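Below you'll find the structure, written out as structure tokens, and then a few comments.
The values are calculated or read from the model by the stated rules, or taken from the named source; none is laboratory data. Predicted model only: the values in this text are computed from it and were never measured. Neighbour counts are summed over all protein chains in view; Cβ atoms, including those assigned to glycine, are modelled from backbone coordinates with ideal geometry. The protein model used for the area step is the full one, side chains on, heavy atoms only, and it has no ligands, DNA or RNA in it. Shrake-Rupley method; radii C 1.70, N 1.55, O 1.52, S 1.80 Å.
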Amino acid sequence: MTTRRNFLLNGVASVSTLAVPGIAHALTPKFEEFVARPAAIQLAPPSYAKTEIWGFGGGMPGPELRITQGERVQRSFLNELPQASSVHWHGIRIDNAMDGVAGLTQAAVEPGASFDYDFVVPDAGTYWYHAHARSFEQVARGLYGALIVEEAEVPDVDREEVLILDDWLLDPKTAQIDPDFNSAHSRSHAGRMGNFIATNGRYDLSIDVRQNERLRLRLINAANARIFAIGVAGMEGWTVALDGMPLVKPQRLGEALVLGPGQRADIIVDVTAETGETAHLVRNDSNDGVSQVAFPVTGRATAARRDTPAALPRNAKMNVAGLENAVPVRLNIEGGAMGRMRSAVLKGERKSFRELVSENEFWAFNGTVGMPDTPLADLGLGQTVRLEINNDTSFPHAMHLHGMHFREIGEDGTLGPLRDTITMFRGETRTVAFVADNPGDWLFHCHMLSHAASGMMTWMRVT
Ligand code: C2O
Ligand code: CU
């Protein structure tokens, strides 16, 4: 039945599908607008030209979204990029329809079109958002930002800083982003590695602090492939959360905190360096410690150091019960350079590794290259899953599950912290467990984004 109201709505819909910018803008977005568009920023030192990036809100990182646990995020994503795109809210135990995976949970948003994201954030913690269409290109161009969900009761720190770690692959002469996103080397080896490392888009990020000040640092690894091994100097600290989820007990920062692509860590640090000295967030590159962020000490905060910080308040649903009756699922990762994969199935056809290489495809999950038609696991709502992952390749992989967090089962049977991404080194077999308590089709892939693009993608269905 065509009512006057329907007619009007249909009229509006057909106008919005026209790629006429003037008309698209005349429409009022349902929620606050969240635009992705090209921009130029001073990424390299000032003697270089500005770098053309793609950014949310035209910035890099995109605007920080900060809300309180249990609240709603409502944004009308408007695509002003020259490519179709979508927004994924990494680590949020979200309603499936809002997960932002182009081709699985929604259609990609075409240039000039928009999509309304509307979801509740059930857990406090450090999350991030990023483009999820051609991610290997769009994330490398800068399409990401922090999504911070505050605890209702704020922990006892003097201040906090969100630090997004990334590496950029720039032309050393022009400071422009290397456009060879499909490079066979990146796809078949460790992924697209940058030659220019930055924090929040700054290679020289420096934050003034005072001695004895207590800071909460929210670290987010937004790099396409780089694994950051993080330490501190002139500070003493504890890890209090991983992938958004609080640890039962703060853990003293040791040699190195390993953050694979997509992973986050909340650390609480006390500045121990004296006035006039500089403390550092340190990155361990091979054998060297390099400053990632400098913290010049400009004075003294309080006379005394404080005690070990308390644990952050728990989120709901952090337990993984029912392991005795868990459904076993196995994932074998094969392929890549220096691997031993002989053949695999690509789009229903068995191909030799050499044939795959000629198609710029390199990796397989359980013998299949790329998104399979059938899910890796078809799970009943509430079922507990025991997922064994075997990295039968010569490279590390950061395996990320959408929609649900998991806990690693240790050798002694104890469960590790709740996480959404697991960084696995070559040859490792690790087992994780989770409760399939979120209905929908959930992507499970390598967060080395060139690997995901060249085979390392699958999905699980929860009904
Ligand atoms: Cu952070 Cu499938 O993504
Ligand atoms: Cu990988």
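Brief remarks on what is shown
- Look at the alpha carbon pairs under 8 Å that are at least 6 residues apart: their mean separation over the length of the chain gives a relative contact order of 13 percent.
- Looking at segment 22-87, the trypsin sites (Lys or Arg not before Pro) that sit in a DSSP loop and have at most 16 other Cβ atoms within 10 Å of their own Cβ are LYS30, LYS50.
- Carbon plus sulfur fraction of accessible area for segment 159-300, probe 1.4 Å, in percent: 46
- Net charge contributed by nearby residues that have their C-beta within less than 14 Å of GLY244 (K/R +1, D/E -1): +3
- Applying both filters, DSSP loop and at most 13 other Cβ atoms within 10 Å, to the GluC sites (Glu not before Pro) of segment 128-192 gives GLU153.
- Estimated [θ] at 222 nm from DSSP helical runs (n ≥ 4, -39500 (n - 2.57)) normalised by residues in the chain, nearest 500: -2000 deg cm²/dmol
- Local electrostatic count, GLY322, Cβ distance below 14 Å [Lys/Arg +1, Asp/Glu -1]: +1
- Per residue value of the accessible surface for the chain (all protein chains in place, 1.4 Å probe), Å²: 42
- Overall Cα dimensions of the chain - principal axes, largest extent first, Å: 73, 55, 48
- Net charge dipole size for the chain [Lys, Arg +1 and Asp, Glu -1 on Cβ; Debye, nearest 20]: 560
- Averaging Cα coordinates gives a centre for segment 115-170 and one for segment 68-85; these two points are 12 Å apart.
- Other residues within the sphere of radius under 10 Å centred on the Cβ of GLN83, judged by their own Cβ, net out at 0 (K and R +1, D and E -1).
- Annotation note: GluC sites (Glu not before Pro) in segment 373-426 located in DSSP loop regions with a Cβ neighbour count of at most 11 within 10 Å are GLU411.
- Other-chain or far-sequence residues with amide H under 5 Å of VAL282's (modelled H): GLY231, VAL232, ALA233, GLN292
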